[in-house]
Structures are given as structure tokens and as C-alpha cells.
Amino acid sequence: MDCTMNHETGRPDGTRIHYTATGPADGPTLTLIHGWGCDRGDFDTIVEHGDSRSRSRPPGCFRTRSPG
């Protein structure tokens, strides 16, 4: 089943990581990581035209924060 879901996970030090998972839950995963000053929107075209059998995980729509 294909789906798109926003996720948030954290580390014991308080760092929060947001990401979006798109595609079939049982498909192979492709993790996309953007550089400083970019956001998940940079991967929209890649995700839209990617392999429909794989699951992509670009970084989330929200700010990823570290403590301090």
C-alpha cells in the first residue's frame, strides 16, 4: 500500500529529526539528505518521478533541531 506520512524522531540528547516517508511500506528504502539551508522540497521532483516500488525518506517539512 502506498502512503505518505510525516514522522518525527528524537535522540536522548534532545535532537529532533523530522522526515517524510513516501511509497510502499514494504519497498526498498531510499534515504535523501539535504545540505544546510535546503529543505525537503528540494527532493519533490525526485520523489514524484522515482521508482514507484521503492520508499523514499526525504528530510521532513519541519525544522530539525538540536539542543542548545
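The values are calculated or read from the model by the stated rules, or taken from the named source; none is laboratory data. These numbers were taken from a predicted model, which means no experiment stands behind them. All Cβ positions, even for glycine, are placed from backbone atoms using ideal geometry, and neighbour counts span all protein chains on display.
Miscellaneous remarks
- Some residue of the stretch 2-21 being in contact with a helix residue (DSSP H, G or I) (Cβ under 9 Å, 6 or more places away or on another chain) and not in a strand (DSSP E or B): no
- Hits in the stretch 7-36 (condition: farther than 16 Å from Glu48 by Cα and of a type in the set (S, T, N, Q)): Thr9, Thr15
- Among the residues making up the stretch 30-67, those that are of a type outside the set (Ser, Thr, Tyr), modelled with pLDDT under 70 and assigned to a strand (DSSP E or B) are Arg55, Arg57, Pro59, Arg65.
- For the stretch 2-24, the count of residues that are of a type in the set (Gly, Ala, Ser), exposed (fewer than 12 other Cβ atoms within 10 Å of the Cβ) and either at pLDDT below 80 or under 9 Å from the mean Cα position of the chain (by Cα) (or both) is zero.
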